[in-house]
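Read through the structure below, which is laid out as structure tokens, and then see the notes.
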């Protein structure tokens, strides 16, 4: 069974009551990532020609991460001289790198 690009999807389902998350995917790249992490599928769907269509996985909810930010050390110059600190650098902000302060006590430039 040939899948069109818009049919190759991944759906992650969880709620506040359960400690498990369900990952349903038709994307081979996601299947490969989960296999590399040692996660076995709980359900495998194949078509009538025995060709793989999708896999479903059950994982701990803590396995699912959202909004992971990169941390980068920078040097900021303020009224009190040079202050070194960590700032959070989001992955992308419409083509520009947005910088936010992780410590509100740092003086503003």
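Since every read-out is calculated from the coordinates, none of them should be taken as a lab result. Predicted, not measured: the structure shown is a model, and the values here were computed from it.
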Once residue 58 and residue 7 are pulled to full extension, the length gained, defined as 0.36 nm per residue separation minus their Cα-Cα distance, is 16.2 nm
By the Cα gyration tensor axes a ≥ b ≥ c (a/c under 1.5 gives rounded; else a/b larger than b/c gives prolate, otherwise oblate), the shape of region 5-63 is prolate
